[in-house]
1. Using the beta-carbon distance between VAL51 and VAL30 and R0 = 41 Å, what value does 1/(1 + (r/R0)^6) give for FRET efficiency, to the nearest 0.05?
2. By a straight-distance test (C-alpha under 18 Å), which lysines pair with LYS52 as possible cross-link partners, with residues fewer than eight away in the same chain excluded?
3. Charges on Cβ only, +1 for Lys and Arg, -1 for Asp and Glu, centred on the Cα centroid of the chain; of TYR62, PHE37, SER131, which one is farthest towards the dipole's positive end?
4. Among (1) 1.01; (2) 1.29; (3) 1.94, which is the computed Cα Rg over 2.2 N^0.38 Å?
5. What distance in nm separates the two pseudo spin-label positions at MET13 and TRP115, each 7 Å out from Cα along the beta-carbon direction?
6. Taking R0 as 30 Å, what's the FRET efficiency between VAL72 and LYS22 from their Cβ-Cβ distance, rounded to 0.05?
7. Helices from the chain with mean Kyte-Doolittle at least 0.0 and a Cα length along the axis of 27 Å or more, per DSSP H: which?
8. With unit charges on the beta carbon (Lys/Arg positive, Asp/Glu negative), name the residue among TRP119, TYR81, SER23 whose Cα is farthest towards the positive pole of the charge dipole of the chain.
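Derivation of every value follows stated rules applied to the coordinates shown; laboratory data play no part. As the structure is a prediction and not an experimental result, all values here were calculated from the model. Neighbour counts run over all protein chains shown; Cβ positions are idealised from the backbone, glycine included.
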Amino acid sequence: QMITGLLFWSWSMYNVLILREKSISVYRGVDYGLFAFPLIFFAGLNGLTSVKNPHINIATKYATAHSILTAVGHFIVTCVYLSGAVLQREHGDYMWYCITMAMVYVVTGILFTVWSHIWKKSFEAVSHAFSLNVY
């Protein structure tokens, strides 16, 4: 997620700063990937942080943020691609690219959200096990 988010965000920056209106994905001076792809990046960053954190309660919070950002980020990226397909429908190749990418983000969004939820539940189970009074 971090690599994909960073890669596509960089591409959006390139479109806005270098290509400007020559880029088909720039609409009225903005490539909306600038706002959507950071969510994917930060979802991955929270997932990585949950793995690296030795404190189970803090790791659980990062896993929760990872799960939420994964679902929201994929939803927003899907919406951005669908809006690109609608707004630029006169450009057939770009429209089909947007539709394809929207479908990819729907599928990966569902998969990654389910996996992140399972991941979060595993932290919660460990946290609960540590909280049991064994006296």
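1. 0.75
2. Answer for LYS52, where 18 Å is the Cα cut-off: LYS61, LYS120, LYS121, listed by chain and number.
3. Result: SER131, furthest along the dipole toward the positive end.
4. Given (1) 1.01; (2) 1.29; (3) 1.94, the structure-derived one carries the label (2).
5. With each label point 7 Å from Cα toward Cβ, the separation is 2.6 nm.
6. 0.45
7. Helices meeting the span and hydropathy rule in the chain are 33-52, 56-87, 92-131.
8. The residue sitting most towards the positive pole is TRP119.
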